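Below is one structure; the comments refer to it alone.
The values are calculated or read from the model by the stated rules, or taken from the named source; none is laboratory data. None of the values given here were measured: they were computed from a predicted structure. Ideal geometry is used to build each Cβ from the backbone, glycine not excepted, and the neighbour counts take in all protein chains shown. These accessible areas exclude ligands, DNA and RNA; they are computed on the full protein's heavy atoms, side chains included. Shrake-Rupley method; radii C 1.70, N 1.55, O 1.52, S 1.80 Å.
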Amino acid sequence: MTTAVYTVTGMTCGHCVKSVTEEVSAIDGVQNVDVVLETGKVTVTSVAPLTAGAIEAAVDEAGYTLVH
């Protein structure tokens, strides 16, 4: 298992958190996603390391921006 923390901007409510959680959870190998609205921190636990591109695509699909 690996854990990585990302920062996402643009989230303002519980619906935002749900959208990001659903999109990132859909990535193959993701076991858990924890989104903290107040800080924009997204902690992703997966069976193997994920590419930043995969996370960025999922966050973009949800309508938000991954901070590099």
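Here are the numbers:
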| item | result |
| --- | --- |
| Rounded accessible area per residue of the chain, 1.4 Å, Å² | 57 |
| Carbon and sulfur %, accessible surface of the chain computed with the full protein complex present, 1.4 Å | 52 |
| Helix-only [θ]222 nm of the chain, DSSP H runs n ≥ 4, -39500 (n - 2.57) each, per residue, nearest 500 | -10500 deg cm²/dmol |
| Karplus 3J(HN,Hα) series, Hz, for the stretch 16-29 with 6.51 cos²θ - 1.76 cosθ + 1.60 (x for Gly, Pro) | 4, 4, 4, 4, 5, 4, 5, 5, 5, 4, 6, 5, 4, x |
| Local electrostatic count, residue 60, Cβ distance below 14 Å [Lys/Arg +1, Asp/Glu -1] | -4 |
| In degrees, nearest ten, helix 52-62 long axis to first principal axis of the chain (Cα) | 40 |
| Neighbour-limited loop hits for GluC sites (Glu not before Pro), the chain (at most 16 other Cβ within 10 Å; DSSP other than H, G, I, E, B) | 38 |
| Mean Cα-pair separation over length for the chain, i.e. relative contact order, pairs under 8 Å, 6 or more apart, % | 45 |
| Over the stretch 3-60: Kirkwood hydrodynamic radius from C-alpha pairwise inverse distances, Å | 11.1 |
